[in-house]
1. Condition first: among the hydrophobic types (A, V, I, L, M, F, W, C) and either at pLDDT below 85 or over 14 Å from the mean Cα position of the chain (by Cα) (or both). Can you find one or more residues in the range 9-18 that meet it?
2. Please go through (1) among the small types (Gly, Ala, Ser); (2) touching a helix residue (DSSP H, G or I) at 6+ places or on another chain (Cβ under 7 Å); (3) part of a strand (DSSP E or B) for residue 42 and return the number of the only condition it doesn't satisfy.
3. Select, from 6, 20, the only residue that is in a loop (DSSP other than H, G, I, E, B), loosely packed, with under 10 Cβ neighbours inside 10 Å and of a type in the set (Phe, Trp, Tyr).
4. Which ones in the range 10-22 are out of contact with any Asp or Glu (no Cβ under 9 Å at 6 or more places or on another chain) and in contact (Cβ under 8 Å) with a residue 24 or more places away in the chain?
5. I need the full set of residues from the range 23-48 which are surrounded by 11 or more Cβ atoms within 10 Å (Cβ to Cβ) and in contact (Cβ under 8 Å) with a residue 12 or more places away in the chain, in order please.
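The values are calculated or read from the model by the stated rules, or taken from the named source; none is laboratory data. Fair warning: this is a prediction, and the values are worked out from it, not measured in the lab. As a convention, Cβ positions derive from the backbone with ideal geometry for all residues, glycine included, and neighbour counts pool all protein chains shown.
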Amino acid sequence: MKKSKFIEPEIIQIPEGNFFMGSKNGTANEIPIHSVWLDSYAIAKYPVTNR
């Protein structure tokens with residue numbers, strides 16, 4: 001079996017949905033708490049670093 005020079009990250013699917021964003025006590029750009037809709041997306045399961 002030929003070894004790859006690259007390690008492919010494990011990808012997971014995040015489902016669409018609402019989440020609450022913001023803060024009651026945050027800075028001006030964090031107020032108010034509000035609902036945000038995100039479409040589904042894929043992301044690496046683990047952080048990728050160059051360490």
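1. No; the residues of the range 9-18 include none that is among the hydrophobic types (A, V, I, L, M, F, W, C) and either at pLDDT below 85 or over 14 Å from the mean Cα position of the chain (by Cα) (or both).
2. Unmet for residue 42, out of (1) among the small types (Gly, Ala, Ser); (2) touching a helix residue (DSSP H, G or I) at 6+ places or on another chain (Cβ under 7 Å); (3) part of a strand (DSSP E or B): (2).
3. Details: 20 fails: in a loop (DSSP other than H, G, I, E, B).
Among 6, 20, only 6 is in a loop (DSSP other than H, G, I, E, B), loosely packed, with under 10 Cβ neighbours inside 10 Å and of a type in the set (Phe, Trp, Tyr).
4. 10, 11, 12, 13, 14, 15
5. Quick first cut of the range 23-48, residues surrounded by 11 or more Cβ atoms within 10 Å (Cβ to Cβ) only: 23, 26, 30-31, 33, 38, 44.
33, 38, 44 - these are the residues of the range 23-48 that are surrounded by 11 or more Cβ atoms within 10 Å (Cβ to Cβ) and in contact (Cβ under 8 Å) with a residue 12 or more places away in the chain.
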